[in-house]
Amino acid sequence: MPQGPFQTVSLAVANRRTLNITANTVVKPTPGFVVRVSVVVAGSAAGTIHDATTVAAAVTANVIAAIPATAGTYSIEFPATSGIVIKPGSGQTIAVSFN
């Protein structure tokens, strides 16, 4: 039996954001989708994005992506099944967009 038209949803367009992240931060404690990360201040070490509900739960085993210690905007486009935690590297200032 044929099905009708499917609704398409672009996850690459974020509807939420958190700016000026300089310390370990839970940006979303529920499942979501990390769209982009902007490194506003490069700092001296790379940061990480975790699929976790709390900062304490953000460990090496649930890293989604590294955040380079280079200023710029990076497309991540990756799902988080638990939540989204940002851990900036030393001296970094981060902005993140997500759903």
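Quick notes on this one:
- Among the residues making up region 70-99, those that are farther than 13 Å from Ile21 by Cβ and in a strand (DSSP E or B) are Gly72, Thr73, Tyr74, Ser75, Ile76, Glu77, Phe78, Pro79, Ala80.
- In region 12-62, the residues that are among the polar types (S, T, N, Q), in contact with a Ser or Thr (Cβ under 9 Å, 6 or more places away or on another chain) and in a loop (DSSP other than H, G, I, E, B): Asn15, Thr22, Thr30, Ser44, Thr53
- Single match in Ala12, Ala69, Ala45 (criterion: surrounded by fewer than 15 Cβ atoms within 10 Å (Cβ to Cβ) and at pLDDT 95 or above): Ala45
- Subset tally (residues that are within 19 Å of Tyr74 (Cα to Cα) and out of contact with any Leu (no Cβ under 9 Å at 6 or more places or on another chain)) for region 39-61: 12
The values are calculated or read from the model by the stated rules, or taken from the named source; none is laboratory data. This structure is a prediction, so every number in the text was calculated from the model and none was measured. No Cβ is skipped: glycine too gets one built from the backbone with ideal geometry, and neighbour counts run over all protein chains shown.
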